[in-house]
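Comments concern the structure below.
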Amino acid sequence: MFIKRLDYLSPPITFYHQGLLFHSSFVSGIISIISIVLIIILTVYYSKELIEKKNPKSFSYNTFIEDSGIFPLNASSLFHFISISSNQDFNNNDGFDFSLFRIIGLENYYEMYLYDKDLTHYNHWLYGKCRITDYEGIGNLIQIDFFKGSACIRKYFNILITET
């Protein structure tokens, strides 16, 4: 019978029974068919959100560490840089002209700075032209020509240190 051949529940045996290496039954064949259909339905149902990119979910775990140490902002610990590219070519770095403008990184929201416009009230970073020494340790990640025109952190101003 066809349903007995779809039986995936019956355990295998070591001798032939009516030409088969397992004892199959009609009930276990029906249960196997129901299980396969249910697995297919649930797979389609739960993968539909993933395929259609609906309801994205992310899980994270946060914990507080009292003294995590010092992490310098360089290639050995936490490194980043800023580059400017045209909309057409993201692989070409157009570079910065620091005689025309400055890049300042703030810990607070930009709107807070606009309220009083005094940088001495905020912790902030000043960016400058990247140096070759900033490139050490990350040469396998980016190209030196792209990196030369970028901006890296040069100075950090801490309001707690400057107030004393």
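Laboratory data are not the source of any read-out in this text; all were calculated from the coordinates shown. Quantities reported herein were computed from a predicted structural model and do not represent experimental measurements. All Cβ positions, even for glycine, are placed from backbone atoms using ideal geometry, and neighbour counts span all protein chains on display.
Can you tell me how region 95-164 classifies by the Cα gyration tensor, rounded, prolate or oblate, using a/c under 1.5 as the rounded cut?
It comes out prolate by the Cα gyration axes.
Which loop trypsin sites (Lys or Arg not before Pro) in region 94-164, with loop taken from DSSP, have no more than 12 other Cβ atoms within 10 angstrom of their Cβ? Each step should come with its number before you reach the end.
Numbers: sites: ARG102, LYS117, LYS129, ARG131, LYS148, ARG154, LYS155; in loops: ARG102, LYS117, ARG131.
Loop-located and lightly packed - ARG102, LYS117, ARG131.
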